[in-house]
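The values are calculated or read from the model by the stated rules, or taken from the named source; none is laboratory data. This is a predicted model, so every value here is computed, not measured. Ideal geometry is used to build each Cβ from the backbone, glycine not excepted, and the neighbour counts take in all protein chains shown. Please note that ligands, DNA and RNA were not included when accessible areas were found on the heavy atoms of the full protein model with its side chains. Shrake-Rupley method; radii C 1.70, N 1.55, O 1.52, S 1.80 Å.
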Amino acid sequence: MLEEIIEAARQAGKIMLEAEKASIDVKEKTGSANFVTQYDMAVQENLRQALQRICPEADFLGEEGNDRPEQTALVFIVDPIDGTTNFIHGYRHSAISIALAQNGKIEYGVVYNPYTEEVFSAARGRGAYRNGEPIHVSSRPMKEALICFGTSPYDPSLAEPSFRLAKRLFDIAADIRRSGSAALDLCAIAAGQCEFDFELVLQPWDFAASSLMIEEAGGRVSRPDGTPLRILEPNPVIAGNRLTYDAFLAEGLQEGL
Ligand code: IPD
Ligand code: CA
Ligand code: CA
């Protein structure tokens, strides 16, 4: 099953790369700075069909359109392009994210970056991998940590608390990054390339696949108060290796958000 999902992601990634030779047609969705392109729609439709062939019993929850699954006991959770703003700008840092959730738990996760041809994959209980090689979170403590964060751009009221928390982390860590793809930030933690990530609101399709990647790579991911993510709902998200995650909670950084 995992190999078939990876293949579906690789095929759909070709559609993203076609945009580099054509024009991108950008439309605004509800909320602030929330865009969709014909490529988001085309990738989602391509994946919907491919995933249905792979597992016909599973329903489908994708970011684009308003269709919602009839049942969520077994459901694919798909972000056709995570990092649409990067994609529109030709910034070449966006990914396809596919998770299969069963009874509220992620069983498989695949995140594919077509620009670097990196496939991050995980199956519950079987580890996390990049292009077939096992990956692990780093063991760097908070003072050596590279911090990623997302700005929850679609809700401007979250800008103030997001930047306040980013500043507090910047003061106790090594440096800070804002990459524009939550799925790739979380995979970077799983691969030991950065040590902590937060965003005050993420949608299921942003975090579903890569949250399993972090758990399988030995990291921690939860809501900022330490309670588990609710897989089918929007959540505030923190993630890190064991040291940075524990330090965040111990410093009380979640208070006052
Ligand atoms: C967005 C990206 C971004 C994050 C936003 C997400 P999209 O996803 O992951 O990094 O800050 O909260 O919505 O809209 O490009 O799929
Ligand atoms: Ca997204
Ligand atoms: Ca998206």
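Estimated from the Cβ-Cβ distance and a Förster radius of 35 angstrom, the FRET efficiency linking S139 and E4 is about 0.55.
Carbon-plus-sulfur accessible fraction, region 142-250 (probe radius 1.4 Å, protein heavy atoms only): 54%.
Calculated accessible area for the chain comes out at 44 Å² per residue, all protein chains present (probe 1.4 Å; ligands, DNA, RNA ignored). Multiplying the residue separation of T116 and Q52 by 0.36 nm and removing their Cα-Cα distance gives an extension gain of 20.4 nm. Note on region 149-255: Kirkwood hydrodynamic radius from all Cα pairs is 13.5 Å, rounded to one decimal. Applying the Kirkwood pairwise sum to the alpha-carbon positions of region 42-92 produces a hydrodynamic radius of 11.9 angstrom. Loop-located trypsin sites (Lys or Arg not before Pro) in region 179-257 (DSSP state not H, G, I, E or B) with no more than 11 neighbouring Cβ atoms inside 10 Å: R230. Net charge in the neighbourhood of L184 (other residues with Cβ under 14 Å of its Cβ; Lys, Arg +1, Asp, Glu -1) is -4. Computed across the chain, the Kirkwood hydrodynamic radius from all distinct Cα-Cα pairs reaches 18.1 Å. What's the carbon and sulfur percent of region 28-138's accessible surface, probe 1.4 angstrom, rounded to a whole number? Looking at region 28-138 in its full context, I get 45 percent from C and S. At most 13 other C-beta atoms within 10 Å and a DSSP loop state: those are the exposed GluC sites (Glu not before Pro) I care about. Give me the longest piece of the chain that has none. Answer from the scan: 118-250. Treating r as the C-beta distance of F163 and R230 and R0 as 22 Å, the FRET efficiency rounds to 0.30. Each stretch of four or more DSSP H residues adds -39500 (n - 2.57); spread over every residue of the chain, this sum gives -10500 deg cm²/dmol at 222 nm. Over the Cα atoms of region 1-104, the radius of gyration divided by the Kirkwood radius equals 0.97; this is the Rg/Rh ratio.
Sites listed here are trypsin sites (Lys or Arg not before Pro) in region 1-67 whose DSSP assignment is loop and whose Cβ has at most 16 other Cβ atoms within 10 Å: K29. In region 101-238, taking the dipole from charged Cβ atoms about the Cα centre, the farthest positive-side position among P228, G150, S181 is held by P228. The dipole here belongs to the chain: it is taken about the Cα centre, uses +1 on the Cβ of Lys and Arg and -1 on the Cβ of Asp and Glu, and is about 380 debye.
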